[in-house]
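To keep things clear, I will list the structure first and then write my remarks on it.
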Amino acid sequence: ELLKVMRTIDDRIVHELNTTVPTASFAGKIDASQTCKQLYESLMEAHASRDRVIKNCIAQTSSVVKHLREEREKNLDDLTLLKQLRKEQTKLKWMQSELNVEEV
């Protein structure tokens, strides 16, 4: 949900461009280069923020997976531990795919 909110600016890029780049009738009233620069900076800030959040989540989840693997090696018969490990591994793969989405 947080990523969805954080991607709003990207999802509305066409609208943002249409409101940033002035039409011929407004060309003299708006500094197009400044508004484009501001839009670019907003996009770059949003991308950097999402990248940090995703990488932080990956680091935390990787730590949990490592811990669960160590616990699993000590107790191979614990099915609850196995289920929790699989759940965390799935979450980690999902977050890594979200990082790939950001690269695109």
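Structure summary
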{"read-out": "Flag if Leu81 is closer than 27 Å to Leu43 by Cα and hydrophobic (A, V, I, L, M, F, W, C)", "value": "no"}
{"read-out": "Subset of region 1-48 (residues that are of a type in the set (D, E, K, R), modelled with pLDDT under 85 and open to solvent by 60 Å² or more (accessible area, probe 1.4 Å))", "value": "Glu1, Lys4, Asp11, Arg12, Lys29, Asp31"}
{"read-out": "Long-range neighbours under 8 Å by Cβ, at least six apart or interchain, first residue over 16 Å from Leu92 (Cβ atoms) within region 67-80, second modelled with pLDDT under 90 and exposed (fewer than 10 other Cβ atoms within 10 Å of the Cβ)", "value": "none"}
{"read-out": "Of all residues making up region 49-90, the number that are open to solvent by 40 Å² or more (accessible area, probe 1.4 Å) and closer than 22 Å to Asp11 by Cα", "value": "4"}
{"read-out": "Leading residue by the ranking (farthest from Arg7 (Cα to Cα)) among those in region 64-95 that are at pLDDT 95 or above and of a type in the set (S, T, N, Q)", "value": "Gln84"}
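The values are calculated or read from the model by the stated rules, or taken from the named source; none is laboratory data. Quantities reported herein were computed from a predicted structural model and do not represent experimental measurements. Note that we place each Cβ from the backbone using ideal geometry, even for glycine, and neighbour counts take in every protein chain shown. Accessible surface is based on the protein model in full, side chains and every heavy atom, while ligands, DNA and RNA are left aside. Shrake-Rupley method; radii C 1.70, N 1.55, O 1.52, S 1.80 Å.
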